Amino acid sequence: MHKVVLEVPNEESLRKVAEKLKHNHIDHKLWIEQPEDIPTCLALKPYPKEEVKKYVGKFKLYKTTLV
């Protein structure tokens, strides 16, 4: 099983994707940091890429450089 990390531009985008997934019965978990009550990530149950690409395909792979 492969893990893929995608980057969303802001909190609003993260919440919109979570709502679309919920509406389309895609199992997922929106992680909310406490005590700040800020959503920081979204985890999906393993699905074939074809099933979830229409929801997350517009987001780019997360890349960061270590300093």
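Those residues that are open to solvent by 80 Å² or more (accessible area, probe 1.4 Å), among the aliphatic types (A, V, I, L, M) and within 12 Å of the chain's Cα centre (by Cα), I need them from region 1-17; list them, please. Scanning region 1-17 gives Val4, Val5. Among the criteria (1) modelled with pLDDT of 95 or more; (2) in contact with a strand residue (DSSP E or B) (Cβ under 9 Å, 6 or more places away or on another chain); (3) not aliphatic (A, V, I, L, M), the one Glu19 does not fulfil is (2). Among the residues of region 27-54, those identified as farther than 17 Å from Lys3 by Cβ and in contact with a Lys or Arg (Cβ under 8 Å, 6 or more places away or on another chain) are Leu30, Pro39.
Mind listing whichever residues of region 41-67 are charged (D, E, K, R), under 12 Å from the mean Cα position of the chain (by Cα) and outside any loop (DSSP other than H, G, I, E, B)? Correct list: Lys53, Lys60.
Does Lys20 count as farther than 19 Å from Tyr62 by Cβ, open to solvent by 100 Å² or more (accessible area, probe 1.4 Å) and in contact (Cβ under 8 Å) with a residue 12 or more places away in the chain? Taking the combined requirement at face value, the residue satisfies it. Against the conditions (1) at pLDDT 95 or above; (2) surrounded by 10 or more Cβ atoms within 10 Å (Cβ to Cβ), Tyr47 satisfies every one except (1).
For region 23-40, a tally of residues being exposed (fewer than 11 other Cβ atoms within 10 Å of the Cβ) and in a loop (DSSP other than H, G, I, E, B) returns 5.
The values are calculated or read from the model by the stated rules, or taken from the named source; none is laboratory data. All of these numbers come straight from a predicted model, not from anything done at the bench. We place every Cβ from the backbone using ideal geometry, glycine too, and count neighbours over all the protein chains shown. Each accessible area value is taken on the protein alone, full model and side chains, heavy atoms only, with ligands, DNA and RNA left out. Shrake-Rupley method; radii C 1.70, N 1.55, O 1.52, S 1.80 Å.
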